[in-house]
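The values are calculated or read from the model by the stated rules, or taken from the named source; none is laboratory data. Note that the structure is a prediction, hence the values are computed from the model and not measured. As a convention, Cβ positions derive from the backbone with ideal geometry for all residues, glycine included, and neighbour counts pool all protein chains shown.
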Amino acid sequence: MFGLTRSIAWATLLVSIGAAVPPAAAAGDTAASSPRRGNVLTLRKPAPAAANHAATIAPFVRWAAAGDVDAMFNAFDEVPLRANGASAIRHFLSSQVVPFFVDASRLDDAMRVTTASFEDGTEGHMAYAYVVTSAGQVRPFVIAWRGGVADLRVMDLQLGRCVASRHPVGPGRCSP
């Protein structure tokens with residue numbers, strides 16, 4: 001009985017001097033509200049905001065839908081240009097890329113982006129995406145690039161190829 005009375009008295013003393021609720025916890029401090037494991041504080045780190053990769057590749061899709069071969073050509077990196085030649089890239093853009101995107105109305109929201117390592121030792125991104133046509137048809141494509149919206153450098157482009165293990169799957173899209 002003496003131990004219980006002493007514990008209640010001690011808790012009452014702590015509350016009366018404000019020790020039961022530290023000011024940081026009262027103010028909503030995440031470190032103060034994080035779970036503790038012994039003397040180690042386990043921090044809750046917020047997930048980093050996902051980059052808007054759709055905004056990076058959307059200009060290329062718009063150029064392709066408009067048939068702007070020069071704009072698409074200028075977006076290609078020097079690595080594929082050296083490997084394939086300028087005339088081969090221009091031919092690919094006019095004979096395959098423009099017809100693929102000609103009736104594209106928008107990028108589909110379903111997109112998976114991974115980090116890519118290129119043969120020259122640089123890194124960039126690879127998007128497994130879909131374009132939606134004006135008729136509502138969904139077409140898969142893969143685009144690899146480095147840089148961002150202002151300095152998009154296309155490294156590779158594959159059209160109409162569904163990579164079931166990478167493309168988001170669903171009705172009207174790639175299936176597993």
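Structure above, values below:
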read-out: Segment 80-130, residues that are small (Gly, Ala, Ser) and either under 24 Å from residue 164 (Cα atoms) or touching a strand residue (DSSP E or B) at 6+ places or on another chain (Cβ under 8 Å) (or both); value: 104, 105, 110, 116, 117, 124, 127, 129
read-out: Lone qualifier among 65, 58 - being at pLDDT 95 or above and surrounded by 14 or more Cβ atoms within 10 Å (Cβ to Cβ); value: 65
read-out: Top-ranked residue of segment 68-81 - restricted to ones that are surrounded by 14 or more Cβ atoms within 10 Å (Cβ to Cβ) and among the charged types (D, E, K, R), ranked as nearest to residue 154 (Cα to Cα); value: 77
read-out: Tally, over segment 82-133, of residues that are surrounded by 15 or more Cβ atoms within 10 Å (Cβ to Cβ) and assigned to a helix (DSSP H, G or I); value: 8
read-out: Contacts under 8 angstrom Cβ, first residue in segment 157-168 being surrounded by 15 or more Cβ atoms within 10 Å (Cβ to Cβ), partner part of a strand (DSSP E or B) and aliphatic (A, V, I, L, M), 6 or more apart; value: 157/142; 157/143; 157/144; 166/142; 167/129
read-out: Positions within segment 64-79 being in a helix (DSSP H, G or I) and touching a strand residue (DSSP E or B) at 6+ places or on another chain (Cβ under 6 Å), in sequence order; value: 65, 75
